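The values are calculated or read from the model by the stated rules, or taken from the named source; none is laboratory data. Keep in mind it's a predicted model, so treat the numbers as computed, not measured. Glycine gets a Cβ as well: all are built from the backbone with ideal geometry, and neighbour counts include every protein chain shown. Calculation scope for accessible area: heavy atoms of the full protein, side chains included, ligands and nucleic acids excluded. Shrake-Rupley method; radii C 1.70, N 1.55, O 1.52, S 1.80 Å.
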Amino acid sequence: MLNQLTDRLSGVIKTLRGQARLTESNIQDALREVRLALLEADVALPVVKDFMQEVRERALGQEVLSSLTPGQALVGIVHECLVHLMGEPGNGLNLATQPPAVILMAGLQGSGKTTSSGKLAKLLKEQQRKKVLLVSCDVYRPAAIEQLQVLASALDVDCFPSSPDQQPEAIALAALDHARRHFHDVLIVDTAGRLAVDEAMMQEIRLLHHALNPIETLFVVDAMQGQDAVNTARAFGETLPLTGVILTKLDGDARGGAALSVRKVTQKPIKFIGVGEKPNGLEAFHPDRMASRILGMGDVLTLIEEAHRHVDRVEAEKLAQKIKKGQDFDLEDFKAQLVQMKKAGGLNAMMDKLPAQLTKGMTPNTQMDDRAINRIEGIINAMTPAERRRPELLKASRKRRVAAGAGVQVQDVNRLLNQFEQMQKMMKMFSKGGVSKMMRGLKGLMPGMP
Amino acid sequence: MFGFFRKSSQTPEPPSEGWWNRLTSGLSHSRTKLTQGLGGLFSRPLDDAWFESMEEALISADVGARTSQTLINDLKREARQQHIKDASELKPLLKTALVNLLQPLERPMDNRAHHPFVILFVGVNGAGKTTTIGKLAQHFQQLGHSVLLAAGDTFRAAAVAQLLEWGERNQVPVITQEKGDSAAVIFDAIHAARARNIDVVLADTAGRLPTQLHLMEEIRKVRRVVTKADPSAPHEVLLVLDAGTGQNALAQVRAFDEAIQLTGLVVTKLDGTARGGMLVTLAGEHPIPIRFIGVGEGLEDLLPFDARSFVDALVE
């Protein structure tokens, strides 16, 4: 996500590099590039204007001139301003109220309200051990109610039955009553998509809000949205006392400028980001990470956090130690890493979080699906513990045995060993400093994966 | 606005009087917005600031920064060459430039060439594929064609139920499968359409983002399998595009076109505040005919694209 913007800003930085000092004029050029990049990233024009003003004021100050590397200083300022603009980290939901805590979902058609409702239910149920009730007040779109019901039953979460011939408000009140009587902690109310210009529908959700008095009113926004994001956000913000934003479809390649626009207009925190259609594809929003990502630093932190959620912590720390030392990285660790990678959502999900200019050109070749990972795992499993620790033991005869054991060709075993060797080198590079070095290593490594 | 009617001359008269009203009311929202955005500018004095506000107005309509820049630079040159001093004289120039860009996209669909005529709908999640199919089913029925729907979105919860309901509303058969992938359902549907002598097959697919490579691979497969059912099919591959989409629209069009060779676009949700300016960018960078635009919630709010009306709405 946000890749192109990352590319562009990286480009700007490159042009700034090698210049001893920032002058008014070369700042001008760089700033114009930043402005253009932000606009092409769909950040709304008024937001860009304010932003550029802020950056310019700061950049022309002393911090830049006294800095040794002007490029870095400017990036630092842009980054700082971006973080500032994107506001507080998503500090989760406020559920501190007399149960049931009501969460109202609102947004345009197709922004991802129903999918997000399901994801939210799963998150509350599994991470906070809440008893959740879902209800759909979408009596307009065909099968919208069914969609939520199907999601709920897949998640094993209660769903209050409703039907298209009922009034949304009546459904909501009945669900609230049901939640009270059945001791649900949280009631998530999914609503129909509506256009901000549709007065009748906006009135409807106003009434719905009034009837429910939700503690959280979440505005669901498609990350692919263009300049109109400001208008929509303003209209929803004026109609409803929003408490937060969910930014969806961030696994796409949209530049995601809508995030900045919506944040600026509503002044409400972006609480979650939606990635993928799977029910666990809801992540906390981190403004600093998002800004880092925009500036080409990648989202390594999210990656680490994700790995932690899926992976045995002790195991991970052991590995981290090894990586740090840059030695003793054996095939057993290699295998453990592959398994973790699989748990963390596969290679592509991870690549998405790494800096764009590093992963550029890799994605099309890296269709290393679970099957390929399984195959590598199989080969390693066919080795003895001693061989896994010391792959150099593997000579022709042993290789033949391993290949037969894993049901592959000897060439496959050779390829794996080659890749492992490269990976080992990469780990050493990593320990000596620089993710970028590691990524360069990775770049050569990935396309050849079986 | 009459441009929209020009299209319907080759089709039967609009069946309900609501058609015209819906169109005008549908576009009026964006029209009001746009008037504020662009129209007002033509009465201001002509100077550098004017060109800048003009460029910003285009950008705010999602035309895109680079495309807007190019358009404005051209406009500046024209103004200089023709010694234009008055902003109102620039209006026809800008309009012409935009119409020239967009006119090649104004190519309505001809569904009489094949029988059954197979239309495959693709797009990102939430673009409005299923709703578009529901509306188009009615559109074709009004033209006197028989229609069959293929519930190819086997992925999203209740997507099949959604299409079934559209089928019920329009009284058209819907082909579904208990299990099985998109490709299999659509394959079945084409055979069913042939057996029942159906004119048009509308095939739904799951929403997918171009970054989801396995899903892009799947859609390629759908196309291959459709070709097995009928070597000349699919006769149309339509990308459904949300008018609110920003510059990512270009990436979407490129990715889907590369994967399954698009024949046209359907632009939905033009009745909101989104102005659909990215169509101008698309026209310049990766032109694909725009078959329909959606200007309202109603079943008949799907209209053929007309470049002149669109541009009028953009700069009037």
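Of the numbered conditions (1) part of a loop (DSSP other than H, G, I, E, B); (2) open to solvent by 10 Å² or more (accessible area, probe 1.4 Å), B:Val225 satisfies every one except a single condition; which is it?
Of the numbered conditions (1) part of a loop (DSSP other than H, G, I, E, B); (2) open to solvent by 10 Å² or more (accessible area, probe 1.4 Å), the odd one out for B:Val225 is (1).
Across the range B:204-251, which residue is farthest from the chain's Cα centre (by Cα) among those that are more than 14 Å from every other protein chain (Cβ to nearest Cβ) and among the basic types (Lys, Arg)?
Of everything passing the filter in the range B:204-251, B:Lys228 is farthest from the chain's Cα centre (by Cα).
Give the number of residues within the range A:241-263 that are at pLDDT 90 or above and more than 30 Å from A:Leu207 (Cβ to Cβ).
Summing the residues that are at pLDDT 90 or above and more than 30 Å from A:Leu207 (Cβ to Cβ) in the range A:241-263 gives 0.
Among all residue pairs at least 6 apart or on different chains, which show Cβ distances below 7 Å where the first residue, located in the range A:209-234, is more than 8 Å from every other protein chain (Cβ to nearest Cβ) and the second is open to solvent by 10 Å² or more (accessible area, probe 1.4 Å) and of a type in the set (Gly, Ala, Ser)?
Close Cβ pairs satisfying both conditions: A:Val220/A:Gly112.
Are there strands (runs of 3 or more DSSP E) fully within the range B:231-304 with at least 2 residues that are over 15 Å from B:Gly128 (Cβ atoms)? List them.
Because the criterion is at least 2 residues that are over 15 Å from B:Gly128 (Cβ atoms), the strands (runs of 3 or more DSSP E) in the range B:231-304 that meet it are B:236-242.
Restricting to the range A:270-288, count the residues that are open to solvent by 30 Å² or more (accessible area, probe 1.4 Å) and not acidic (Asp, Glu).
Adding up the residues that qualify gives 6.
Only one of these is open to solvent by 10 Å² or more (accessible area, probe 1.4 Å), in a loop (DSSP other than H, G, I, E, B) and in contact (Cβ under 8 Å) with a residue 60 or more places away in the chain: B:Gly144, B:Gly152. Name it.
B:Gly144
For residues that are aliphatic (A, V, I, L, M) and touching a residue at least 40 places away in the same chain (Cβ under 8 Å), scanning just the range A:134-159, find the one that is farthest from the other protein chains (Cβ to nearest Cβ).
A:Val135
Would the range A:115-133 turn up any residue that is closer than 23 Å to A:Asp251 by Cβ, open to solvent by 30 Å² or more (accessible area, probe 1.4 Å) and within 14 Å of chain B (Cβ to nearest Cβ)?
yes
Only one of B:Gly207, B:Gly244 is open to solvent by less than 30 Å² (accessible area, probe 1.4 Å), in contact with an Asp or Glu (Cβ under 6 Å, 6 or more places away or on another chain), closer than 27 Å to A:Ala223 by Cα and touching a residue at least 12 places away in the same chain (Cβ under 8 Å). Can you tell me which?
Just one listed residue meets the conditions, B:Gly244.
Would you check which residues across the range B:164-187 are free of Cβ contacts under 8 Å to residues at least 60 places away in the same chain, crowded, with 17+ Cβ neighbours inside 10 Å, of a type in the set (A, V, I, L, M) and closer than 16 Å to B:Val118 by Cβ and list them?
B:Val172, B:Val174, B:Ile175, B:Ala183, B:Val185
When you check B:Thr130 against the structure, is it open to solvent by less than 50 Å² (accessible area, probe 1.4 Å), among the hydroxyl-bearing types (Ser, Thr, Tyr), within 30 Å of A:Gly110 (Cα to Cα) and within 14 Å of another protein chain (Cβ to nearest Cβ), yes or no?
Against the criterion (open to solvent by less than 50 Å² (accessible area, probe 1.4 Å), among the hydroxyl-bearing types (Ser, Thr, Tyr), within 30 Å of A:Gly110 (Cα to Cα) and within 14 Å of another protein chain (Cβ to nearest Cβ)), B:Thr130 qualifies.
Filtering the range B:71-92 down to residues that are assigned to a helix (DSSP H, G or I), open to solvent by 20 Å² or more (accessible area, probe 1.4 Å) and free of Cβ contacts under 8 Å to residues at least 24 places away in the same chain, which residue is farthest from A:Val230 (Cα to Cα)?
That would be B:Gln81.
Condition first: assigned to a loop (DSSP other than H, G, I, E, B) and at pLDDT 85 or above. Now tell me which residues in the range A:360-389 satisfy that.
A:Ala382, A:Met383, A:Thr384, listed by residue number.
Take B:Glu52 and decide whether it is in a helix (DSSP H, G or I), within 14 Å of another protein chain (Cβ to nearest Cβ), at pLDDT below 95 and open to solvent by 30 Å² or more (accessible area, probe 1.4 Å).
The answer is yes for B:Glu52.
Would you point out which residue out of A:Ala106, A:Ala121 is within 25 Å of A:Leu187 (Cα to Cα), in a helix (DSSP H, G or I) and modelled with pLDDT of 95 or more?
Among A:Ala106, A:Ala121, only A:Ala121 is within 25 Å of A:Leu187 (Cα to Cα), in a helix (DSSP H, G or I) and modelled with pLDDT of 95 or more.
A:Arg180 versus (1) within 14 Å of chain B (Cβ to nearest Cβ); (2) open to solvent by 30 Å² or more (accessible area, probe 1.4 Å); (3) touching a Pro at 6+ places or on another chain (Cβ under 8 Å): which is the lone unmet condition?
Only one criterion in (1) within 14 Å of chain B (Cβ to nearest Cβ); (2) open to solvent by 30 Å² or more (accessible area, probe 1.4 Å); (3) touching a Pro at 6+ places or on another chain (Cβ under 8 Å) is unmet by A:Arg180, namely (1).
What's the number of the only condition in (1) within 24 Å of A:Arg194 (Cβ to Cβ); (2) open to solvent by less than 10 Å² (accessible area, probe 1.4 Å); (3) hydroxyl-bearing (Ser, Thr, Tyr) that B:Thr273 fails to meet?
Here B:Thr273 meets the rest and fails (2).
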